[in-house]
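Trainee: Take a look at this one; I'll ask things after.
The values are calculated or read from the model by the stated rules, or taken from the named source; none is laboratory data. Worth saying up front: this structure is predicted, and the values here are computed from it rather than measured. Cβ: placed from backbone, ideal geometry, glycine included. Neighbour counts: every protein chain shown. Ligands, DNA and RNA are stripped out before the accessible areas are found, and what is left, the full protein with its side chains, is counted by its heavy atoms. Shrake-Rupley method; radii C 1.70, N 1.55, O 1.52, S 1.80 Å.
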Amino acid sequence: MSDNEQGADSSANISSVPAYRYNAKMAQGIEEKWQKTWDEKGTFWAANVKGDLTDGKGRHADGRTPYFAMDMFPYPSGKGLHVGHPLGYLATDVVSRYHRMKGENVLHAMGYDAFGLPAEQYAVQTGQHPRVTTEANIANMRRQLHRMGLSFDNRRTFATIDPGYMRWTQWIFSRIYDAWYDSDFVRPDGGKGSARHIDTLIDQFRSGKRAIPGFEDSGKSWDQLTEAEQADVLNDFRLAYISKSPVNWCPGLGTVLANEEVTAEGKSERGNFPVFQRELRQWSMRITAYGHRLIEDLDIIDWPQKVKLMQRNWIGESHGASVHFKVETPDGGQDMEIYTTRPDTLFGTTFAVVSPEHDLLQHVPAAWPENTPESWKGGYATPAEGIKAYRLAAESKTAQDRVDEAGEKTGLFTGLYATNPITGDKLPLFTADYVLMDYGTGAIMAVPGGDQRDYDFAKKFDLLVIYTVKPLPDSGDDLANYEGKAPFVSHDGIVINSSTEHTQAKGDALNLNGLRVNDAIDKVNQWLEAAGVGKGTVSYRLRDWLFSRQRYWGEPFPIVYGEDGVPHLLPDSMLPINLPDVPDYSPKTFDPMDAESNPEAPLSRNEDWVKVTLDLGDGPKTYYRDTNTMPNWAGSCWYYMRYLDPNDTEHMVDSDEYEYWMGPNHNKESGKTGGVDLYVGGVEHAVLHLLYSRFWHKILFDLGYVDTPEPFYKLFNQGMIQAYAYTDDRGQYVPAAEVEGGPADKSGEPTFTWHGQPAFREFGKMGKSLKNIITPDDMYARYGADTFRLYEMSMGPLDESRPWNDRNVVGGMRFLQRLWRNVVDENTGEVTVSDVEPDAKTLKLLNNTIAAVTEEMEHMRPNTSIAKLIVLNNHLTGLKAVPRAAVEPLILMLSPIAPHICEELWSKLGHAESLAHEPWPKADERYVGEESVTAVVQIKGKVRAKLEVSPSIEPNELKDMALKAVADRLGGKEPRKVIVKAPKIVSIVPAE
RNA sequence: GCUCCCGUGGCGGAAUUGGUAGACGCAGCUGACUUAAAAUCAGCCGCCUUUGGCUUGUGGGUUCGAGUCCCACCGGGAGUACCA
């Protein structure tokens, strides 16, 4: 290849710009040339241990350490990328290139999450089939990413919509459907509880080892049940099951949604439409079975604390007790089970509350008991009448209403009384909407002396308040500070007023007085269990994962229903189940407030597809396909494994490849946990994708398909790139590119103008409507991909958000130009480096830079790496001749960040092979460190003198020098104290 | 309300276990080169009342020494919300 091809700039001949200056145009030529070379030579092809990826071009895996660096794969939206999107991709690319140079076998690839709402909505907008628009969007995104020089193994790319991929998504669903959670089973790793094949459950039913729920007293054996009865029993155990409880119905989107997709305000995360609770038959996944393990295993992975905390909070494990209260009802009494985290406060319970949906409310008396205070009746003539009205009012409240009114308690007496099992006290039973049906048991014991909500309620209805915990004696706090004003809610306290001595309780005596709260909880739990009225339990906030959507653009379920409505799993040989053509693939949406509307799946519009004749082992019969589709999270739950073995038609992933790339011993950095070595993506997936993915992985682990319990060992959240946007004086956004900066005003604030009018700056996201979008394509045209990469990597720490500032990009460009000039004569294009030995100072700087940059790269700090490389380059610029022995390591160290220009310079320096697999420079220990250091002499912490000393100076020698240097300040007096930290600091405390 | 994170020059940001605050870049200023400009190169560049003093959101504390540790407050961001 000739230097002239990309070096000569035709415009340079007219102006005075040197012919071989590194500028945008030259960068473009260099970059496209190297991208082509990498593609042709398969430079970034990672070698597999077996299978058809072990072909000639990739280097063979042979014992090299594997390193798997992965990005959260993107939705190919129609808008294309802006400069904020690829920050994480650039980070993983820099890391991948660095590890490749460390001699590791690096797996780095990119796929596309192409099902789901964004792709479908874009298709609906443009009136084209989703497959057409999705594939066009993928092509455009692939082009933008390719132009960035990302070092992907392009043989391993795929999209979730590919039939060869979707087949395995459906296959995994089938495995989950055919599994149940055996909480008594001891796993090979020693833990208790495991997913197992549904046949093991059937065996337990058959053998009588486990009673068949619902048929305990029927005397029927498993084989005497009808097919429909069996299916119904199994449904309650399967990990993928048809839910019978209320689900989130979003009429505005025309689909049901998972809890994770509903905001705190009760709106859909996408579109912000109201969401209603409706009883609809929908697919659900039993993620609650894994609640504890999903929390527990956070300890063995290297994730940001923030994300771990968000997952812990979302799962919301709380330890408490369930306690049975007897309730006197007209029909002879009912049992009420309550859940509490503070069983130690049972003696402070003065009333009880059930949620308005609670079953107990069907057993209320016909009339109010005598002496019922008027305020408890809510103005209603009978309990039943009041409860009906109260329930209706509670149901009509949106989640937002509940949030707004939090603190303002409402409620109604039920006419019933519950008996406290410890004290024997008769407690009035209320219903109130501050008790939620879907948490705990939907019923609580109210302790106004120890809980703010119960206290508020007690004040409103004039109920008794008893304190059963007082502040610790040495806390400086006193119960008198609370009485009549507030509950004492802290766990740090001493139990009081809690003994059966003066009560009518049955069973053994119990005295909690004087105990610390946690000890009292243990003691009371033992008592409850012994008395048979309760026990310690664990409760979760996490709900099962609603898994079906009424959408066209998703994976169909591998399920058909017989004429009798019994579901049947289709055999693996029938996979994939492809999407049919339908007359109209757009979702059926409704008035966003129409809670009574019913979902209508687009797939149901193709009757020929829905109704099929199949032979499922007992002769041809008519079946009806499930017309729901899976949520887009399905495809992204397991894609990381497919990169390992993308073309396998026999397995989801080959077990030897899994072992090599992700197994428990694949890489020292991931310890024994295994998993993806580095996973980079936005924090917005903390409780969505990352929770679902862990859940699926654990099922596959339990069932033996993978041998590591966690999918992602190290997680890193990149920050967001923010941007300035500008408005005119009417508040309309104006194009940011056309705004000019003005002088600072009187208060020091900068001013801005747009075509002469005043403009106002605001700060936030990059977006089309804000008219401040800058695309990678803009950057390629103005500076080239290397400068773009350099700028994004130098902006600051990768995990922090920061503003894009167009003006600063030029700094990176200048650095690359200076590096170029250090190697190439701008006018002639000749290589100018010298083969002379570097001088002592250059050697020092070079080796210190290598040591420092290596350290920075290990910790994913490209910003400080770049700063140090600039220092080295600036030093070389000042030399008469640039030594090859100094500039070559510099080029190698810069190459992960600005790979194209470095490849070009490397080849100009006479190297025939790409530098992608060149060994990372190693610092020569003889030249690391400094000749002399500046020691600082401080008096009372203030710098009073500086001394140039040897790094190995003896502390006593340094002390003498320091005392001499500041002798005049000490006035001849002996200092009170001298602290010597050789060779950097001498700190002197003078005499008074 | 609760929990977590973050506050450093005009701007983006540096600063091992507490040890010279402001690396590197942008912007700005001076000079060289140039008819001139750009580019490039060499310098300067926290603030003030400049032999010195002050300075990492504010006020305290611990320490010989605090951007870093502790307490309180102010400001910004994120998560979460009647979860018993």
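Trainee: Return a yes/no flag: does segment A:906-921 have any residue that is surrounded by 14 or more Cβ atoms within 10 Å (Cβ to Cβ) and within 16 Å of RNA strand B (Cβ to nearest atom).
Mentor: The answer is no, given that none of the residues of segment A:906-921 is surrounded by 14 or more Cβ atoms within 10 Å (Cβ to Cβ) and within 16 Å of RNA strand B (Cβ to nearest atom).
Trainee: Given the criteria open to solvent by 40 Å² or more (accessible area, probe 1.4 Å) and either among the β-branched types (V, I, T) or modelled with pLDDT under 70 (or both), does A:P758 qualify? It would help to see each step written out before you state the result.
Mentor: Numbers: open to solvent by 40 Å² or more (accessible area, probe 1.4 Å): yes; either among the β-branched types (V, I, T) or modelled with pLDDT under 70 (or both): no.
No: the conditions fail for A:P758.
Trainee: Now for a separate question. Can you find, within segment A:815-847, the residue that is nearest to the chain's Cα centre (by Cα) among those that are of a type in the set (K, R) and within 13 Å of RNA strand B (Cβ to nearest atom)?
Mentor: Only one residue tops the list, namely A:R818.
Trainee: If I filter segment A:319-335 for residues that are touching a helix residue (DSSP H, G or I) at 6+ places or on another chain (Cβ under 8 Å) and basic (K, R), do I get at least one hit? Give the derivation first.
Mentor: To start, the set of residues in segment A:319-335 that are touching a helix residue (DSSP H, G or I) at 6+ places or on another chain (Cβ under 8 Å) comprises A:320-321, A:323, A:327, A:329-331, A:334.
Then drop every residue that is not basic (K, R), which leaves none.
No, the conditions are met nowhere in segment A:319-335.
Here's the yes/no breakdown for (1) open to solvent by 30 Å² or more (accessible area, probe 1.4 Å); (2) within 16 Å of RNA strand B (Cβ to nearest atom); (3) at pLDDT 90 or above:
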residue: A:I521; (1), (2), (3): no, yes, yes
residue: A:R541; (1), (2), (3): yes, yes, no
residue: A:R551; (1), (2), (3): no, no, no
residue: A:F557; (1), (2), (3): no, no, yes
residue: A:D572; (1), (2), (3): yes, no, yes
residue: A:T589; (1), (2), (3): yes, no, no
residue: A:M593; (1), (2), (3): yes, no, no
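Trainee: Please enumerate the residues belonging to segment A:154-170 that are touching a Leu at 6+ places or on another chain (Cβ under 6 Å) and either without any contact (Cβ under 8 Å) to a residue 40 or more places away in the chain or open to solvent by 10 Å² or more (accessible area, probe 1.4 Å) (or both).
Mentor: Within segment A:154-170, the subset touching a Leu at 6+ places or on another chain (Cβ under 6 Å) is A:167, A:170.
Within segment A:154-170, A:R167 is the sole residue that qualifies.
Trainee: Here is a follow-up. So A:T537 ticks every box in (1) within 18 Å of A:L614 (Cα to Cα); (2) open to solvent by 30 Å² or more (accessible area, probe 1.4 Å); (3) among the β-branched types (V, I, T) but one. Which box is left unticked?
Mentor: Every listed condition holds for A:T537 apart from (1).
Trainee: Please find, within segment A:240-251, the residue that is farthest from the chain's Cα centre (by Cα) out of those that are modelled with pLDDT of 85 or more and open to solvent by less than 10 Å² (accessible area, probe 1.4 Å).
Mentor: A:P251
Trainee: In segment A:393-421, what residues are at pLDDT 85 or above and more than 12 Å from RNA strand B (Cβ to nearest atom)?
Mentor: Answer for segment A:393-421, where residues must be at pLDDT 85 or above and more than 12 Å from RNA strand B (Cβ to nearest atom): A:L412, A:F413, A:T414, A:G415, A:L416, A:Y417, A:A418, A:T419, A:N420, A:P421.
Trainee: Evaluate segment A:929-952: report whether one residue or more is open to solvent by less than 100 Å² (accessible area, probe 1.4 Å), touching a residue at least 60 places away in the same chain (Cβ under 8 Å) and not acidic (D, E).
Mentor: yes
Trainee: A further question on this structure: Would you check if there is a residue in segment A:806-814 being open to solvent by 50 Å² or more (accessible area, probe 1.4 Å), closer than 22 Å to A:E888 by Cα, near RNA strand B (Cβ under 9 Å from one of its atoms) and without any contact (Cβ under 8 Å) to a residue 60 or more places away in the chain?
Mentor: Scanning segment A:806-814 turns up at least one residue that is open to solvent by 50 Å² or more (accessible area, probe 1.4 Å), closer than 22 Å to A:E888 by Cα, near RNA strand B (Cβ under 9 Å from one of its atoms) and without any contact (Cβ under 8 Å) to a residue 60 or more places away in the chain.
Trainee: For the list (1) out of contact with any strand residue (DSSP E or B) (no Cβ under 8 Å at 6 or more places or on another chain); (2) surrounded by 13 or more Cβ atoms within 10 Å (Cβ to Cβ); (3) modelled with pLDDT of 95 or more, I need the number of the one condition that A:R270 fails.
Mentor: Result: A:R270 passes all but (3).
Trainee: A further question on this structure: So, restricting to helices (runs of 4 or more DSSP H) that lie completely within segment A:112-203, which ones have at least 3 residues that are of a type outside the set (V, I, T), touching a Phe, Trp or Tyr at 6+ places or on another chain (Cβ under 9 Å) and at pLDDT 95 or above?
Mentor: Numbers: elements: A:117-126, A:130-146, A:163-177.
In segment A:112-203, the matching helices (runs of 4 or more DSSP H) lie at A:163-177.
Trainee: Within segment A:444-460, identify whether any single residue is in contact with a helix residue (DSSP H, G or I) (Cβ under 8 Å, 6 or more places away or on another chain), within 8 Å of RNA strand B (Cβ to nearest atom), touching a residue at least 24 places away in the same chain (Cβ under 8 Å) and open to solvent by 40 Å² or more (accessible area, probe 1.4 Å), and answer yes or no.
Mentor: No, segment A:444-460 has no match at all.
Trainee: Report whether or not A:D331 is closer than 17 Å to A:V533 by Cβ, open to solvent by 60 Å² or more (accessible area, probe 1.4 Å) and either more than 10 Å from RNA strand B (Cβ to nearest atom) or within 31 Å of the chain's Cα centre (by Cα) (or both).
Mentor: Numbers: closer than 17 Å to A:V533 by Cβ: no; open to solvent by 60 Å² or more (accessible area, probe 1.4 Å): yes; either more than 10 Å from RNA strand B (Cβ to nearest atom) or within 31 Å of the chain's Cα centre (by Cα) (or both): yes.
Taking the combined requirement at face value, the residue does not satisfy it.
Trainee: Right, something else. Determine which single condition A:G320 fails, assuming it passes every other condition in (1) within 10 Å of RNA strand B (Cβ to nearest atom); (2) over 27 Å from A:W527 (Cα atoms); (3) buried (at least 18 other Cβ atoms within 10 Å of the Cβ).
Mentor: Of the numbered conditions (1) within 10 Å of RNA strand B (Cβ to nearest atom); (2) over 27 Å from A:W527 (Cα atoms); (3) buried (at least 18 other Cβ atoms within 10 Å of the Cβ), the odd one out for A:G320 is (2).
Trainee: Looking only at segment A:678-707, which residues are away from RNA strand B (no atom under 16 Å from the Cβ), open to solvent by less than 10 Å² (accessible area, probe 1.4 Å) and either of a type outside the set (V, I, T) or without any contact (Cβ under 8 Å) to a residue 40 or more places away in the chain (or both)?
Mentor: A:L678, A:Y679, A:S693, A:R694, A:F695, A:W696, A:H697, A:K698, A:L700
Trainee: Do the conditions hold for A:Q311, that is, is it among the polar types (S, T, N, Q), out of contact with any Asp or Glu (no Cβ under 6 Å at 6 or more places or on another chain), open to solvent by less than 10 Å² (accessible area, probe 1.4 Å) and part of a helix (DSSP H, G or I)? Explain how you work it out, then say what you get.
Mentor: Numbers: among the polar types (S, T, N, Q): yes; out of contact with any Asp or Glu (no Cβ under 6 Å at 6 or more places or on another chain): yes; open to solvent by less than 10 Å² (accessible area, probe 1.4 Å): yes; part of a helix (DSSP H, G or I): yes.
For A:Q311, the condition - among the polar types (S, T, N, Q), out of contact with any Asp or Glu (no Cβ under 6 Å at 6 or more places or on another chain), open to solvent by less than 10 Å² (accessible area, probe 1.4 Å) and part of a helix (DSSP H, G or I) - is met.
Trainee: Select from segment A:61-86 the residues that are under 18 Å from A:H108 (Cα atoms), open to solvent by less than 30 Å² (accessible area, probe 1.4 Å) and outside any strand (DSSP E or B) and write down the one among them that is modelled with the lowest pLDDT.
Mentor: Once the filter is applied, the top-ranked residue is A:A61.
Trainee: Related question: Going residue by residue through segment A:848-859, is there one that turns out to be within 9 Å of RNA strand B (Cβ to nearest atom), modelled with pLDDT under 95, in a helix (DSSP H, G or I) and touching a Pro at 6+ places or on another chain (Cβ under 9 Å)?
Mentor: Yes, segment A:848-859 contains a residue that is within 9 Å of RNA strand B (Cβ to nearest atom), modelled with pLDDT under 95, in a helix (DSSP H, G or I) and touching a Pro at 6+ places or on another chain (Cβ under 9 Å).
Trainee: Could you list, in sequence order, the residues of segment A:422-441 that are away from RNA strand B (no atom under 16 Å from the Cβ), open to solvent by 10 Å² or more (accessible area, probe 1.4 Å) and either part of a loop (DSSP other than H, G, I, E, B) or not charged (D, E, K, R) (or both)? It would help to see each step written out before you state the result.
Mentor: Our first condition is that a residue be away from RNA strand B (no atom under 16 Å from the Cβ); within segment A:422-441, this holds for A:423-426, A:428.
Restricting the remaining residues to those that are open to solvent by 10 Å² or more (accessible area, probe 1.4 Å) gives A:424-426, A:428.
Result: A:G424, A:D425, A:P428.
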